[in-house]
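Undergrad: Below you'll find the structure I mean.
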Amino acid sequence: MEIQYEYARIADALAREIEAGKIPPGGRLGNERELADLHGVSAGTIRRAVQELRDRGLVATLPGKGTYVLPQD
């Protein structure tokens, strides 16, 4: 059984939603509090998950505006 950090599990779940088109290109992810409540984790865990999505090139964060899905090839 593989042990996975909670932030990585959430990042993978969000990535699957993005890849399936549930969150379309240009779509906005929920804010940290919304996502934390939805997934039952802290805002810090969500911050790490969103950073993981940025590292994968799936989203971009605009300070004060939110995090948006980038167009995929």
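Undergrad: Please compute the modelled spin-label separation between GLN4 and ASP73, points set 7 Å along Cα→Cβ, answer in nm with one decimal.
TA: Each label point lies 7 Å from its Cα, and together they span 2.4 nm.
Undergrad: Sticking with the crude label model, points 7 Å out along Cα→Cβ, report the distance from GLU19 to THR61 in nm, one decimal please.
TA: Label at GLU19, label at THR61, 2.3 nm between them.
Undergrad: In which sequence would GLU2, GLU17, GLU32 go, from the one with the fewest C-beta neighbours within 10 Å to the one with the most?
TA: GLU2, GLU17, GLU32
Undergrad: While we're here: Can you compute the charge dipole magnitude of the chain about its Cα centre, using +1 on each Lys and Arg Cβ and -1 on each Asp and Glu Cβ, nothing else charged? Give it in debye, rounded to the nearest 20.
TA: Here the size comes out at about 240 debye.
Undergrad: When ranked by the protection proxy of mean other Cβ atoms within 10 Å per residue, highest first, what sequence do the peptides 6-12, 66-72 form?
TA: My ranking of the peptides, most packed first, is 6-12, 66-72.
Undergrad: Below 14 angstrom from the Cβ of GLY57, what's the summed charge of the other residues (Lys, Arg +1; Asp, Glu -1)?
TA: Net charge around GLY57: -2.
Read-outs: derived from the displayed coordinates by stated rules, not from any lab. Model, not experiment: these values are computed from the prediction. Please note: Cβ atoms are built from the backbone with ideal geometry, for glycine as well, and neighbour counts cover all protein chains shown.
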